[in-house]
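The values are calculated or read from the model by the stated rules, or taken from the named source; none is laboratory data. Being a predicted model, the structure only gives us computed values, none of them experimental. So basically every Cβ, Gly included, is an ideal-geometry build from the backbone, and we count neighbours across all protein chains shown.
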Amino acid sequence: MLLQKKLFLIIVFFLTTSLFSSQSSVINFAPLPTKKASKNIEELLPISSYLSEKLSIDIKYVYKKDYQDILDGFKDGTIDIAYLGPLPFISLKREYKYVEPIITFKQKNGSSSYRCVLSKFKDDELNTSKQIKVALTQPLSTCGYLMSKMLLKNEFDIELEKQKYDYTMTHTNALISVLRGDFLIAGAKENIAKRFESLGMEIIATSEPLPGFSLVVNTKTLSKKQINDIQKTLLNTPKEVYETWEDVTSYGFIKADFKDYDTLNVDFSIPKYGNIE
């Protein structure tokens with residue numbers, strides 16, 4: 001009888017400890033480094049604050065400068081949620097099956113898709129007979145090598161691999177590099193490039209709509225209940241609430257769909273480094 005009582009107390013202890021641990025566990029959230037660190041985190045803070053309030057969870061930001069580090073964080077279990085564009089998600093899915101997009105962010109026009117562009121300073125001449133310098137974001141950025149190569153070829157019959165190019169790590173950095181005169185053309189996300197038009201930049205090529213940016217979860221580190229609660233809470237966020245939030249989070253969300261990514265034809269022969277010494 002005494003032994004049974006001891007066993008019962010041990011089971012109760014482990015059950016309550018496990019329950020307490022799951023309730024107080026930290027969810028690690030990685031923003032995509034499209035801009036400087038403080039701005040990326042600032043834009044997503046309303047979401048984490050809202051989820052923390054509604055679900056009584058603790059969300060910790062894990063900032064990575066390199067897209068590949070975010071993908072590695074999913075695989076080693078140190079990242080539970082990330083804000084990802086289509087190419088990083090497709091790349092991650094090829095290497096790690098425990099990943100799922102749960103909500104996709106809407107754009108200002110109400111659509112969940114977005115576009116990549118090529119941008120240059122309006123007074124600079126694009127001479128297609130000469131080698132040019134192209135500022136890119138990161139190897140795994142959708143608007144980086146992948147879409148810049150496609151736009152240069154389709155619009156100007158320029159082969160990116162025969163030009164000088166380098167990775168500047170963010171969309172903003174790529175555009176600033178053109179403003180400084182270090183490069184002739186930058187590849188970037190359309191809404192970010194438009195903010196530079198008042199500084200003399202102009203968009204010279206625009207892609208077809210691409211699958212939108214999504215919140216992607218690690219199904220190996222988060223429970224089904226946690227994932228469902230996060231998805232349901234964000235999808236049911238009142239309009240009058242999210243409209244007060246920052247930039248990318250202020251237009252609402254839709255439920256993410258795996259099928260959206262089928263429209264993106266990806267050639268994974270993307271150089272990891274630029275060719276400028």
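Structural remarks
- Wholly within segment 158-277, helices (runs of 4 or more DSSP H) carrying at least 3 residues that are buried (at least 18 other Cβ atoms within 10 Å of the Cβ) and touching a residue at least 60 places away in the same chain (Cβ under 8 Å): 190-194, 224-235
- Hits in segment 61-96 - residues which are within 19 Å of Cys143 (Cα to Cα), in a helix (DSSP H, G or I) and of a type in the set (Gly, Ala, Ser): Ser91
- Meets criteria (hydroxyl-bearing (Ser, Thr, Tyr) and part of a loop (DSSP other than H, G, I, E, B)) for Ser111: yes
- Test result for Leu44, out of contact with any strand residue (DSSP E or B) (no Cβ under 9 Å at 6 or more places or on another chain), in the same structural domain as Pro88 (by TED's automatic domain parsing) and among the hydrophobic types (A, V, I, L, M, F, W, C): no
- Lone qualifier among Glu246, Glu240 - being among the charged types (D, E, K, R), in contact with a Pro (Cβ under 8 Å, 6 or more places away or on another chain) and assigned by TED's automatic domain parsing to the domain that holds Glu100: Glu246
- Checking Ile70, Ile90 one by one, the residue that is under 28 Å from Ile185 (Cβ atoms), surrounded by fewer than 19 Cβ atoms within 10 Å (Cβ to Cβ) and either outside the structural domain of Met201 (by TED's automatic domain parsing) or touching an Asp or Glu at 6+ places or on another chain (Cβ under 8 Å) (or both) is Ile90 and no other.
- Subset of segment 242-277 that is of a type in the set (A, V, I, L, M) and out of contact with any helix residue (DSSP H, G or I) (no Cβ under 7 Å at 6 or more places or on another chain) - its residue that is farthest from Glu100 (Cα to Cα): Ile276
- Filter result for Leu152 (surrounded by 18 or more Cβ atoms within 10 Å (Cβ to Cβ) and either out of contact with any strand residue (DSSP E or B) (no Cβ under 9 Å at 6 or more places or on another chain) or aromatic (Phe, Trp, Tyr) (or both)): no
- Single match in Lys162, Lys194, Lys189, Lys153 (criterion: over 17 Å from Asn40 (Cβ atoms) and touching a helix residue (DSSP H, G or I) at 6+ places or on another chain (Cβ under 9 Å)): Lys153
- Residue in segment 121-131 that is of a type in the set (Gly, Ala, Ser) and at pLDDT 95 or above present: no
- So Ile79, is it in contact with a Gly (Cβ under 9 Å, 6 or more places away or on another chain), in the same structural domain as Leu32 (by TED's automatic domain parsing) and hydrophobic (A, V, I, L, M, F, W, C): yes
- Flag set for Lys97, criterion: outside the structural domain of Leu140 (by TED's automatic domain parsing) and out of contact with any helix residue (DSSP H, G or I) (no Cβ under 8 Å at 6 or more places or on another chain).
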